[in-house]
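Comments concern the structure below.
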Amino acid sequence: LLELYQEPLAQGALLCLDCETCEVRAMVGGRDFSQTQFNRVVQSRRQPGSAFKPIIYAAALDSGFTPAHVILDTANPKQGEGGRVWKPKNYERTFYGETLLRTGIVHSRNVITIKLLEKLGVDYVIDYAKTMGIESPLDRDLSLALGSSGLSLIELTRAYSVFANKGMLGTPLFITRVEDRTGRVLEEHSPSFVEAVSPQTAYVMTDLLKAVIQEGTGRRVRDLGRPAAGKTGTTNDLKDAWFMGYTPELVTGVWVGYDDPASMGKGETGSRAAAPIWLQFMKNVLDGRPIVDFEVPEGVMFANIDPDSGLLASKYTKGK
């Protein structure tokens with residue numbers, strides 16, 4: 001009996017945090033610890049691509065934007081260093097004209113996010129990211145909208161936990177208590193949280209990221225069969241693939257790529273390379289648990305919106 005086996009070259013990492021306590025429930029720093037002890041959850045800094053976009057959208061919500069705001073998705077050339085012209089495009093290589101902010105995040109439109117960042121100001125978004133637990137240096141230019149600055153998986157997972165935990169930023173807990181052999185407590189740590197964003201902003205972002213799974217780039221994880229929110233991330237030349245997602249109980253981040261950045265090949269996006277790992281892990285850890293939905297905080301209002309105009313829907317709205 002012969003078996004054909006090829007040692008994988010790509011690496012991966014996974015981190016799962018408990019939403020309520022921010023305790024680390026699972027951490028996988030690489031494919032095989034016997035081959036490399038480099039922990040890609042905490043030691044690696046990789047471009048998150050579109051997985052960074054929810055931070056910009058949350059900043060927009062706190063600045064007065066709503067999911068119904070209309071932004072023009074058109075060519076938007078920018079003057080770069082040395083007189084070079086930067087012409088940002090969407091992944092689909094086309095433009096969509098008037099677009100709701102909600103549609104921009106659901107379908108991960110690059111141009112919409114760049115225009116949002118431009119309106120908000122790069123410095124404002126960088127400061128906002130810091131309040132959400134991002135500690136790595138961030139590029140002070142519009143490429144930040146496309147996730148050009150390297151982040152660790154633990155940073156980004158911690159930031160997403162803010163949305164999952166009603167706006168509260170927790171400190172990841174690896175060790176809760178250390179005892180000696182007699183049971184004497186030598187060291188003890190309790191959950192620690194500070195408010196990073198309002199519960200209302202956190203919930204609206206969760207609602208938008210639920211739509212990413214139901215309608216957008218995260219459709220592969222709909223098979224989870226329970227309320228979940230998340231976002232894919234893919235970098236230039238398909239060098240990094242991410243899926244960041246959460247349920248009311250757990251927030252989990254997944255990264256896939258080569259240690260020496262190189263293209264993983266055609267179609268190896270966050271949706272294809274990282275999302276299935278997230279789905280399999282979350283299916284296993286949530287198996288047998290009750291299905292619960294995210295709580296709606298006071299102050300959040302729901303309304304039917306005309307997808308073309310961004311105004312309240314009427315009897316003339318298409319598809320109503």
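Mind checking the full-extension length gain between Y124 and H69? Use 0.36 nm per residue of separation minus the Cα-Cα distance, one decimal, nm.
17.8 nm
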In the chain, taking the dipole from +1 charges on Lys and Arg beta carbons and -1 charges on Asp and Glu beta carbons about the Cα centre, the listed residue (N304, V194, A164) farthest towards the positive end is N304
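Taking all protein chains in place and a 1.4 Å probe, what share, in percent, of the accessible surface of the chain do carbon and sulfur account for? Let's see the in-between values first.
Details: 8190 of 16480 Å².
Carbon with sulfur: 50 percent of the solvent-accessible area.
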Contour excess over end-to-end distance, with Cα ends at F95 and H189 and 0.36 nm allotted per residue: 28.8 nm
Relative to a virtual label point 7 Å from the Cα of S198 in the Cα→beta-carbon direction, which members of segment 43-60 show backbone nitrogen distances below 13 Å? 59-60
What accessible area per residue comes out for the chain, rounded to a whole number of Å², with a 1.4 Å probe? 52 Å²
At a Förster radius of 45 Å, what calculated FRET efficiency corresponds to the Cβ-Cβ distance of Q214 and Q37, to the nearest 0.05? 0.70
Among [x] 144; [y] 166; [z] 192, find the value of volume of the Cα convex hull per residue in Å³ that was calculated from the structure presented, and write down its label. [z]
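Classify segment 219-320 as rounded, prolate or oblate, taking a ≥ b ≥ c as the square roots of the eigenvalues of its Cα gyration tensor: rounded when a/c is under 1.5, otherwise prolate if a/b is larger than b/c and oblate if not.
Working: a/c = 2.73, a/b = 1.45, b/c = 1.88.
Oblate shape, in that a/c is at least 1.5 and b/c is the bigger or equal ratio.
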Cα-projected label distance for K87 with E179, points at 7 Å along beta-carbon direction, nm: 6.7 nm
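Where does the charge balance sit around A202 when Lys and Arg score +1, Asp and Glu -1, over other residues with C-beta under 15 Å from its C-beta?
Details: positive: R158, K166, K210, K231; negative: E20, D62, E195, D207, D293, E295, E298.
Combined, the nearby Lys, Arg, Asp and Glu give -3.
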With each label point set 7 Å from Cα along the Cα-Cβ vector, what nm distance links L1 and E298? 6.5 nm
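Only Lys, Arg, Asp and Glu count, each charged at its Cβ (+1, +1, -1, -1), so figure out the dipole size of the chain about its Cα centre, rounded to 20 debye. It would help to have the intermediate numbers written out before the result.
Working: 36 positive and 38 negative charges, 193 e Å.
Once rounded to the nearest 20, the dipole reads 920 debye.
Please go through the residue pairs K210/K283; K166/K231; K130/K166; K166/K266; K115/K283; K130/K283 and name each one whose alpha carbons sit more than 27 Å apart in this structure.
On the way: K210/K283 17 Å; K166/K231 18 Å; K130/K166 17 Å; K166/K266 37 Å; K115/K283 37 Å; K130/K283 31 Å.
In this structure, K166/K266; K115/K283; K130/K283 exceed 27 Å between Cα atoms.
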Hey, can you grab everything whose amide H is under 5 Å from the amide H of D73? Only 5+ residues off in sequence or another chain; H modelled, so Pro and N-termini drop out. Y96, G97, E98, T99
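The values are calculated or read from the model by the stated rules, or taken from the named source; none is laboratory data. Predicted model, so just to flag it, every value in this text is computed and none were measured. Reconstructed Cβ throughout: ideal geometry from the backbone, glycine too, with neighbour counts over all protein chains shown. Surface areas here come from the heavy atoms of the whole protein model, side chains and all, with no ligands, DNA or RNA. Shrake-Rupley method; radii C 1.70, N 1.55, O 1.52, S 1.80 Å.
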